[in-house]
Each structure stands twice: as structure tokens, then as C-alpha cells.
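S.K.: There's a structure below that I have some questions on.
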Amino acid sequence: MPHVTLATESDFRGWRAAARTLATQAIPPEDVTWHVAGRDAELFVSTSFAPTPVAGSGFNVPATFIELARSVVQHRDPERFALLYRLLWRLRPQPDLMQIATDADIMRVRRMAKAVHHDQHKMEAFVRFREIGNAPDNRFVAWFEPAHHIVEATAPFFSGRFADMRWSILTPDLCAHWNGETVAFTPGLDKSAAPSDDRLEDTWRTYYASIFNPARLKVKAMKTEMPERYWRNLPEAQLIKPLIAEAARRSADMIDAEATVPAKPQRRDEAAMKRKAIDPSAGSLSALRAEAMDCRACQLWNDATQTVFGEGPAHAPLMLVGEQPGDKEDLAGKPFVGPAGQMLDRALNEAGIDRNKVYVTNAVKHFKFVPRGKIRLHQKPNSVEIKACRPWYERERAAVKPALIVAMGATAAQSVLGKTTPINRTRGHLIDLDDGAQALVTVHPSYLLRLPDAEAKAREYLRFVDDLKIAATRLCHLQHAA
Ligand code: URA
């Protein structure tokens, strides 16, 4: 009886070569046993069957079968190799077998292939890298427990997507390691070998909590999307149970809460609503703030609740410029207090910058939105609005005299640099301004919140923190030079 020994659990090439030889030699499936090297060790006492190179199986095999077999060998079912050979064997007298959807073997392999694809998609979505060490010697390591033997087949997805990171994905079956050029595989490991916590963990949790909408909670659909078996390795999954428990209360609160109908604390009489020309001569910050409350330089004051002026120490060495206030800022009258503000606070913290020592403002001082039902949807300010508001930024800058200005996003960069500027080309470089101050352009924290892909979000967040670290280092140098 031929015993076939395959090199690995997902050795498709080995299975194919052996199956070809067996079929050519007309050896029926019931005479063959299939094993994987290193598993079922006692079976290696008998001589293993060695496939001889043959061009095919001696008859035409449909391409759909080969594609299916490629996936099915990754299934954890120990009978998969025998099952596939039985199908190959049956295809010779019955070439249309693949079309018989009710055939028990066909149904079984299709189910297995589906389970493998499902597991691959879940691996692509739920691998969470943790950073080990510091740049440039850092490495990203993830622990994942796949349901099937999918690591080899799924590794190219990660090397394509994270080509510029050195990463390892550790699993109990097989580990994949990317060095920037090739993927290498080593035997599986125990979970204790994997790092358990890092600075990305909070990001995942914040992100998850921010996208969790209690009013839309459908526990069953959520568990289909993120099956419970993956939860133990997902930092954000720790939040699921408390968030679900809280959901009923939160959605009741949301229903009870008034829609954010803008209040109008700053609305004055008609005479004061004339378009005011802004005097760019500097003034004290409190005088500026008071003056800005009546600003009518563009139409945005009309629907906004109030002017949201900058905030922070009068002579802060660092000024952060955002785009415009959002819904929460419009209501609170303070910049960066909503979700983007929370993301910013966390990133500042990680970069070693104390927000209390920073002057935080926006390029545009009124919230621009369109109402959609009960919510107010943020709209990007246009060039006319950015230009109309720029004198306020200039006057804030003249009053505060920061040595470094960080522009977050394209709107802020346009105000700070006085021209439209592609973020990617300027980002992360210190730019000398005419008056001796410097500017640094980076992305807006809302961009990180909007990224649909959680993995990209985590990576971009780190880049954002790295940009802020450039600002922190520059401030340190300036302080030492002073
Ligand atoms: N986005 C901004 O640009 N500024 C804020 O104050 C809040 C969100």
C-alpha cells in the first residue's frame, strides 16, 4: 500500500505530484494513505511513496478542480488529501463530476474551500501587529490562530500590504516572517512566544469604541463579521461585551437627546452682521477672540453656533492648526474636543508633547456642515472661506509668536503656507517661514478616524505620531538653544 508523505500541512505541490503519479499508475484511492511529515510519526516506519515526475495525470482535469484542490489542501480535515485524490480518480470516468452539485464529495470539498476562504479573509482582517523595539530596528509581530492551514497562502497579502514593515505572523501551525524582500516560514509556536501588549493597543480600542454605534447594534450580524473565536487576540474585542451591555442604555440616551440644533449665543443685531473687514494688525489674544465672535467675513457664521477661536498659552512655542471646528467643537466653543481631538490628544501624548503648553487653533473658525436628519454632516471649507478666515490665523500667530507651527491636513497647510500644498510631498519636513518660524505639515487626525481599514489606521496613526515627534524634537532643540 503506497504511503504518501507530504512536506507540510498545505503542501499542494506535493499532493499534486503524488496524485499524478498514483493516477498514472492506476493506483485506486482506497490503496493509498496520506500523511504529513512530522505528524503521525509512527507511520514513517514504512517506506514512503516517491512520486515520479509525470506531465499530467494521464487525463484532463478541469481547472476548477485544481483551483478547488489548492484551497482544500489548506483545510484542517485530516482526510483532505485522500478526499481530493478520490475526486481526481472519479473525474476520469466522469469528466462532468464537478458540475454535479449534489454529489456528496463535491458538496464536501466546496464547503471545505469556502471555510478556507472565510478563514483567509478573517486572517487578513484580524491580524494585529505589535511593535517590538524602536526604529530603525523595530519589527512588527502578530499572534493569530487560524482555523485552517492558511498561513502560506495568506502571507502574500501581508507582504503586499505591509511591504515596508519588517513583520512576523506567529501561529500555532506555522510562522511567516517578512524581511522586506522575501517571506520565510518557520515551525509554529506557542502563544507565550508572542508579544502581548504595545502602544497600538489603545489605538485599536479607541477606534473600536468610536465606530461602535449602539443604535445600530445587531449582535448576531456582528458575531458573524467578527466571530468570537478571534476575540481573544483582538485588543479591541475586550470592549465588545461592555459596549453591548451598555448599548441599550446608550441608544435610549441617543433617542432622548435633542438633535444638535445649533444654538446662537453670538448672534447680534443686523447692524453688527455687516461683513467686517478684518484688520490684520496684531492685538492681544483676548481682544482678538472677542472680536472674532462677531466675524462675518464669510457666510459660515450663519449656520454655526459660534466662532471657535484658538486656545492655549499666549506665548506657546508650538501652534497646532486644524481645519475647522466639528460638531462637538461648534457646540462647546473650543477647538479639538470631539473624536478628532481625542485622537490628537493621544498622539500628542505619545509624541511627548503636553497639549496644555500648545496653542491649538483652526484655519477656519466656524463649523461648516449640511444637516442630514438629526445630524450635521461636516463639509470641507472652500478656498473663499479659508482665505476669508486667514487673517484670524495671521493675527493669532502674530500674537502668540510660536517658533513652530504644525499644520494638520490640507486646509491648515493652505492657511499656514499661503498656498495649496500636497500633504504627501511636504509632510514631515521642517519648512522655514519668512519670519524665522518654521512649519511642519502632517495629516489631520480626522483622516485617521476615517480610514476604513483598521490596519492602515494603526499604521497611519504611528506615522502621525512620528511627525509630531519631529515637532517635539525641534522644540527641544529650540529650548536648549535659548
Ligand atoms: N477638526 C478640526 O480641524 N478642528 C477641530 O477643532 C475639530 C475637528
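The values are calculated or read from the model by the stated rules, or taken from the named source; none is laboratory data. These numbers were taken from a predicted model, which means no experiment stands behind them. Note that each Cβ is placed from the backbone with ideal geometry, even for glycine, and that neighbours are counted across all protein chains shown. All accessible areas refer to the heavy atoms of the entire protein, side chains included, with ligands and DNA or RNA removed. Shrake-Rupley method; radii C 1.70, N 1.55, O 1.52, S 1.80 Å.
S.K.: Can you find, within segment 56-85, the residue that is modelled with the lowest pLDDT among those that are within 45 Å of the chain's Cα centre (by Cα) and open to solvent by 50 Å² or more (accessible area, probe 1.4 Å)?
M.R.: Looking at residues that are within 45 Å of the chain's Cα centre (by Cα) and open to solvent by 50 Å² or more (accessible area, probe 1.4 Å), I get Asn60.
S.K.: Consider segment 308-325. How many of its residues are away from the ligand (no atom under 12 Å from the Cβ) and either surrounded by fewer than 22 Cβ atoms within 10 Å (Cβ to Cβ) or free of Cβ contacts under 8 Å to residues at least 60 places away in the same chain (or both)?
M.R.: 6
S.K.: Kindly indicate whether Pro339 is under 30 Å from Lys457 (Cβ atoms) and modelled with pLDDT of 95 or more. Full working, then the answer.
M.R.: On the way: under 30 Å from Lys457 (Cβ atoms): yes; modelled with pLDDT of 95 or more: no.
No, not satisfied.
S.K.: Let me ask something additional. Please find, within segment 430-455, the residue that is nearest to the chain's Cα centre (by Cα) out of those that are away from the ligand (no atom under 16 Å from the Cβ), open to solvent by 70 Å² or more (accessible area, probe 1.4 Å) and farther than 21 Å from Thr473 by Cα.
M.R.: Pro452
S.K.: Could you tell me which of the residues Arg390, Arg474, Arg427 is surrounded by 16 or more Cβ atoms within 10 Å (Cβ to Cβ), within 16 Å of the ligand (Cβ to nearest atom) and not polar (S, T, N, Q)?
M.R.: On the way: Arg474 fails: within 16 Å of the ligand (Cβ to nearest atom); Arg427 fails: within 16 Å of the ligand (Cβ to nearest atom).
Being surrounded by 16 or more Cβ atoms within 10 Å (Cβ to Cβ), within 16 Å of the ligand (Cβ to nearest atom) and not polar (S, T, N, Q) holds for just one of Arg390, Arg474, Arg427, which is Arg390.
S.K.: Given Lys334, Lys328, which one is farther than 16 Å from Leu440 by Cα, within 9 Å of the ligand (Cβ to nearest atom), part of a loop (DSSP other than H, G, I, E, B) and of a type in the set (D, E, K, R)?
M.R.: Lys334
S.K.: Here's a follow-up. Criterion first (within 14 Å of the ligand (Cβ to nearest atom) and under 17 Å from Ile470 (Cβ atoms)) does Gly409 satisfy it?
M.R.: Working: within 14 Å of the ligand (Cβ to nearest atom): yes; under 17 Å from Ile470 (Cβ atoms): yes.
Yes: the conditions hold for Gly409.
S.K.: Out of all the residues in segment 139-184, which are in a strand (DSSP E or B) and in contact (Cβ under 8 Å) with a residue 60 or more places away in the chain?
M.R.: Trp143, Leu174
S.K.: Next question. Cβ-Cβ distance below 8 Å, separation of 6 or more or different chains: which pairs start in segment 334-346 with a residue that is touching a residue at least 40 places away in the same chain (Cβ under 8 Å) and open to solvent by 60 Å² or more (accessible area, probe 1.4 Å) and end on one that is more than 8 Å from the ligand (Cβ to nearest atom) and among the hydrophobic types (A, V, I, L, M, F, W, C)?
M.R.: Every condition considered, the pairs that remain are Pro339/Leu449.
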